[in-house]
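The values are calculated or read from the model by the stated rules, or taken from the named source; none is laboratory data. Everything numeric in this text was worked out from a predicted model, so none of it was measured. Glycine gets a Cβ as well: all are built from the backbone with ideal geometry, and neighbour counts include every protein chain shown.
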Amino acid sequence: MPVHTFGAIDFNQPNTGSPFPTLNGDLTVLARTAAAFAPHETAPPSMAVAVDAGALFASGTLTEIAAQATPAITPPAASRRIDRITLNRITGAISVVTGTEAANPVPPAIPAGQSPLAQVRLEPGIGAISNAVIKDERVSVAGAGGGLIGVQRFATSGTYTPTLGTRTVLVEVQGGGGSGGACPATGSGQATASAGGAAGAYGRSIYTVDFASIAITVGVGGAQPAAGSNNGISGASSSFGDKLICPGGAGGLAGILQVPCVIGGASTAQAPTGANIVGCPGSQGGHSFVMSASSVCGGTGGASFFGGGGSAGAYNNGGDSPSPGAGGGGASKNANQAASIGGKGGDGIVLVYEYA
């Protein structure tokens, strides 16, 4: 289509010449964007909706999309219904999102990765869809790049394969948490308490190149140590290839038979490497306290970016971490009790947010 120079026309002012050449040029300027993916009735009207041609720019490529039409839409059975016509922002394919019949229907939600084109208000017994029942709800889609396409969640190790159309990724990596320390058995007049495990390191980075087929490592949390005078076990590192590496948290120290006694929680994890937005070591595990043979408390697990750590054992085993990458809780026992174990550290996690 040839281009024209847009010219403003003031019909309130005297005009010695015809405005139509300027008006025709202005319509030519507007045609490509104004008509893009315009929804309307088919010719002749049917139970399908026609959508005009348009263009998309995704993954660095300009794609011309030909005019298309939806499949035939089934009329509602008993009550009114509002359906939606949507456009895939990457492929340009159109879809019908079917609404729910109701006396006062509402349009269905717009699926992720789709742009709205139209609402279609349907009555029971309708034989053909006309322009009168189609509501245009287009937004600009030619420049739709930059929107969130999806999120890939890795709870176990694997390989990241970008979704079609991904141009930028925002990555969050959480290392595995350390487990809480264990405690030995106690005799008369004895007590013991162990420290909580530390959380794994956390990092966040953004990448615009070289992120396809990246190996994902998800560090497991430290396992429960055997009952007795055994320290907790460190969590393993999580990583997004060699671009972003987050070490795991240390295990908590074991309890000892000493009254009174305070045992410091596991120290913070090493800082991540490669974080280009934010990076931080995991938080320290909680201290354990023995005040007397009948007053003891284990250390809580260190909190991760995603939540708190395992609960402190009160005359019992330490609690397992409820959150990705957080530390396990330490144990504690008062007099004349069997040996106890610390709580397991939380496994790490890797999240990849994909943007067009």
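Residues of the range 269-286 that are assigned to a loop (DSSP other than H, G, I, E, B) and more than 16 Å from Ser179 (Cβ to Cβ): Gln270, Ala271, Pro272, Gly274, Ala275, Asn276, Ile277, Pro281.
When the range 36-53 is filtered for residues that are within 12 Å of Ala93 (Cα to Cα) and either outside any loop (DSSP other than H, G, I, E, B) or of a type in the set (Ser, Thr, Tyr) (or both), only Val51 remains.
The set of residues from the range 117-135 being over 17 Å from Phe37 (Cα atoms) and either among the charged types (D, E, K, R) or assigned to a helix (DSSP H, G or I) (or both) comprises Arg121, Glu123, Ala132, Val133. Of the candidates Ser340, Ser323, Ser283, Ser332, the single residue that is of a type in the set (Ser, Thr, Tyr) and within 30 Å of Gly147 (Cβ to Cβ) is Ser323. The residue list Gly176, Gly92 contains one member that is in contact (Cβ under 8 Å) with a residue 12 or more places away in the chain and either closer than 30 Å to Gly318 by Cα or of a type in the set (Phe, Trp, Tyr) (or both), which is Gly176. All conditions in (1) surrounded by 14 or more Cβ atoms within 10 Å (Cβ to Cβ); (2) not assigned by TED's automatic domain parsing to the domain that holds Thr217 hold for Val169, with the sole exception of (2). Name the single residue, out of those in the range 35-64 being β-branched (Val, Ile, Thr) and modelled with pLDDT of 90 or more, that is surrounded by the fewest Cβ atoms within 10 Å (Cβ to Cβ). Only one residue tops the list, namely Thr42. Scanning the range 209-222 for residues that are of a type outside the set (D, E, K, R) and surrounded by fewer than 17 Cβ atoms within 10 Å (Cβ to Cβ) yields Val209, Ala212, Ser213, Ala215. The set of residues from the range 289-310 being polar (S, T, N, Q) and at pLDDT below 95 comprises Ser292, Ser294, Ser295. Note on the range 72-96: among residues that are over 18 Å from Gly150 (Cα atoms) and either of a type in the set (Val, Ile, Thr) or not assigned by TED's automatic domain parsing to the domain that holds Ile129 (or both), the one that is surrounded by the most Cβ atoms within 10 Å (Cβ to Cβ) is Ile85. Take the conditions crowded, with 19+ Cβ neighbours inside 10 Å, at pLDDT 95 or above and either hydroxyl-bearing (Ser, Thr, Tyr) or under 25 Å from Thr33 (Cβ atoms) (or both) and apply them to Ala69. Does it pass? It is false that Ala69 is crowded, with 19+ Cβ neighbours inside 10 Å, at pLDDT 95 or above and either hydroxyl-bearing (Ser, Thr, Tyr) or under 25 Å from Thr33 (Cβ atoms) (or both).
In the set Gln114, Gln152, Gln119, only one residue is over 22 Å from Ala102 (Cα atoms), modelled with pLDDT of 95 or more and among the polar types (S, T, N, Q); that residue is Gln152. Residues in the range 337-356 that are farther than 20 Å from Val262 by Cβ, modelled with pLDDT of 95 or more and in a loop (DSSP other than H, G, I, E, B): Ala338, Ala339, Ile341, Lys344, Gly345, Gly346, Asp347, Gly348. For the criterion of being outside the structural domain of Gly346 (by TED's automatic domain parsing) and surrounded by 13 or more Cβ atoms within 10 Å (Cβ to Cβ), Ile206 fails. Residues that are over 14 Å from Asn316 (Cβ atoms) and either among the basic types (Lys, Arg) or crowded, with 24+ Cβ neighbours inside 10 Å (or both) within the range 182-195 comprise just one, Ala195.
Of the residues making up the range 237-268, those that are within 30 Å of Thr161 (Cα to Cα) and either of a type outside the set (Gly, Ala, Ser) or surrounded by fewer than 22 Cβ atoms within 10 Å (Cβ to Cβ) (or both) are Phe240, Gly241, Asp242, Lys243, Leu244, Ile245, Cys246, Pro247.
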